[in-house]
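The values are calculated or read from the model by the stated rules, or taken from the named source; none is laboratory data. Everything quoted here is computed from the prediction, not taken from an experiment. Every residue, glycine among them, receives a Cβ derived from its backbone with ideal geometry; neighbour counts consider all protein chains shown. The area values use the complete protein model at the heavy-atom level, side chains included, leaving out ligands, DNA and RNA. Shrake-Rupley method; radii C 1.70, N 1.55, O 1.52, S 1.80 Å.
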Amino acid sequence: MLDIAQLSALLSQPKKIVITTHHKPDGDALGSSLGLYNYLVQRGHHAKVITPTDYPAFLEWMPGNEEVIIYTQHVEQSNQLIADAEIIFCLDFNALSRINEMGEEVGKASAVRVMIDHHLEPQDFDDYRYWNINACATAQLVYDFIAKELNDKDLVNKDVATCLYTGIMTDSGSFRLPNTTSAVHRTIADLIDAGAVNWRIHELVYNSATENRLRFLGYCLSQKLEVLYEYNTAIIAVTNAELNQYDSATGDTEGIVNYALSISGIKLAAFIVERKDKVKLSLRSKGEFPANEICKKYFNGGGHRNAAGGQSDDTLDAVVTQFKQLLPDYKSLLTL
């Protein structure tokens, strides 16, 4: 592993840099990537953000978004940039499998690989690691990396601040989750002082839904919500045909699971959706209930204690049945 002095020395001269993040990037993934990008270009580096897949339209307004390269749409160009890179920043993921086909290219690249992340059990593919599972967002760690590790707080300008604010806001559930510490609020104050317009960012992320997205949400809540009060659990399961019925786009399912968790007394919520290739699960929980344990043990996934995800090659009905059959094993935790 490199130490911060060695990495800082590498960054002291312009470098060819690739920044990447996990597939189907959320607000933290893209916010941390573009925040770091806007910092690095100020330092004179030749930086490119490459995302493994597309991402929600409600994130496309962020400064620097026009420079993002989507791997699946530009495979040859992306592979060349990865091969030529001197440094590759890997943000908001801890295993190369999380970047799909890009993982093989990043794994064999000659570049120095830098991981900045807050997920459990990182895979050993990196040369420098800035990692803290107690951070509420990778964007929080990117801010600390820039301002504290590299002593470049003065380069956290409005563009950097706007992107990092977005990442922290979205991954902290708009500052309402338990990991929103006093340190997070102090960072947010710094970002606002640097030019992030908090109310405007909230408007752009949360108040920009399409009519189809809103109607799909209404359908999920009125027709697909199942509440199992015996286990203080709520489930929403959606077929691929139902996604197509509402012309669902990337990002349209994001956050739906939180509505199920908002029911009084519910401690565990699951959003289970049939995609073209797999069935995906998104779990949210309250308190000490380990949503990540269920995803890791049974659904080839993982994540945080209160926010985790997984997937399965089984049918939607089989996955829903399997999930329900697990609940008796966790009843003591769910009914505390």
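Per the helix-only calculation at 222 nm, which mean residue ellipticity applies to the chain, given -39500 (n - 2.57) for every DSSP H run of n ≥ 4 and division by its residues, nearest 500 deg cm²/dmol?
My calculation for the chain gives -10500 deg cm²/dmol from helical runs alone.
I'd like the Karplus ³J(HN,Hα) series for the range 314-331: coefficients 6.51, -1.76, 1.60, θ = phi - 60°, whole numbers in Hz, and an x wherever there's a Gly or Pro.
6, 6, 4, 4, 5, 5, 4, 4, 4, 4, 5, 5, 7, 4, x, 5, 10, 4
Can you list the GluC sites (Glu not before Pro) in the range 247-305 that are in a DSSP coil and have 13 or fewer other beta carbons within 10 angstrom?
Counting only loop positions with at most 13 other Cβ atoms within 10 Å, the GluC sites (Glu not before Pro) in the range 247-305 are GLU288.
Determine the share of the range 4-206's accessible area contributed by carbon and sulfur atoms, expressed in whole percent, with a 1.4 angstrom probe.
Its accessible area is 47 percent carbon and sulfur atoms.
Mind listing the phi-derived Karplus ³J(HN,Hα) values for the range 276-291, rounded to whole Hz, using 6.51, -1.76 and 1.60 with θ = phi - 60°, and x for any glycine or proline?
These are the phi-based 3J(HN,Hα) values: 5, 9, 8, 9, 10, 10, 10, 10, 10, 9, 10, x, 8, 5, x, 4 Hz.
For helix 182-193, what angle does its Cα long axis make with the longest principal axis of the chain, in degrees from 0 to 90 and rounded to 10?
Here the helix axis deviates by roughly 60 degrees.
Considering only DSSP beta bridges where both residues belong to the chain, give the percentage that are antiparallel (nearest 5).
Expressed as a percentage, antiparallel bridges in the chain total about 40.
Given H placed on each backbone N at 1.01 Å, which residues far from ASP127 in sequence or on other chains put an amide H within less than 5 Å of it?
ARG113, VAL114, MET115
Can you give the accessible area per residue of the chain, in Å², using a 1.4 Å probe?
Dividing the accessible area of the chain by its residue count gives 45 Å².
Spin-label point model (7 Å from Cα, Cβ direction): what's the GLN80 to ALA318 distance in nm?
4.3
Using the Karplus curve 6.51 cos²θ - 1.76 cosθ + 1.60 with θ = phi - 60°, work out ³J(HN,Hα) for each residue of the range 303-312 in order, rounded to whole Hz, and write x for Gly and Pro.
Going residue by residue, I get x, 9, 4, 9, 8, 8, x, x, 7, 8 Hz, with x marking Gly and Pro.
Evaluate E = 1/(1 + (r/R0)^6) for ALA189 and GLU211, where r is the Cβ-Cβ distance and R0 equals 35 Å; express this FRET efficiency to the nearest 0.05.
Rounded to the nearest 0.05, the efficiency is 0.45.
List the GluC sites (Glu not before Pro) in the range 100-160 that DSSP assigns to loop (not H, G, I, E or B) and whose Cβ has at most 16 other Cβ atoms within 10 Å. Which are they?
Here the GluC sites (Glu not before Pro) that fit, given the DSSP loop and packing criteria, are GLU101.
Full-extension gain between LYS276 and GLN13, please, as 0.36 nm times their residue separation minus the C-alpha to C-alpha distance.
Fully extending the segment from LYS276 to GLN13 adds 90.2 nm.
Once each part is reduced to its C-alpha centroid, what is the distance from the range 43-96 to the range 313-336 in angstrom?
After rounding, the separation between the Cα centres reads 37 Å.
Can you work out the FRET efficiency for the pair SER97 and SER332, with r the C-beta to C-beta distance and R0 = 45 Å, to the nearest 0.05?
That pair, SER97 with SER332, gives E of 0.85.
Figure the gain on full extension for ASN132 and GLU104 (residue separation times 0.36 nm, minus the Cα-Cα span) and round it to one decimal in nm.
7.6 nm
Rounded to two decimals, what is Rg over Rh for the range 249-313 when you use alpha-carbon atoms and the Kirkwood radius?
Using only Cα positions, Rg/Rh for the range 249-313 is 0.97.
Looking at the square roots a ≥ b ≥ c of the eigenvalues of the Cα gyration tensor of the chain, which shape do they give, rounded for a/c under 1.5, prolate if a/b is larger than b/c, or oblate?
Prolate, since a/c reaches 1.5 and a/b exceeds b/c.
Shape verdict for the range 116-221, please, from the Cα gyration tensor: rounded (a/c under 1.5), prolate (a/b greater than b/c) or oblate.
Cα axes put the range 116-221 in the oblate bin.
Which pairs, out of LYS224/LYS331; LYS224/LYS267; LYS24/LYS158; LYS108/LYS278; LYS48/LYS108; LYS297/LYS324, put more than 20 Å between their alpha-carbon atoms?
The answer is LYS224/LYS331; LYS24/LYS158; LYS108/LYS278.
What dipole magnitude, in Debye to the nearest 20, does the chain give about its Cα centre under +1 on Lys/Arg Cβ and -1 on Asp/Glu Cβ?
700
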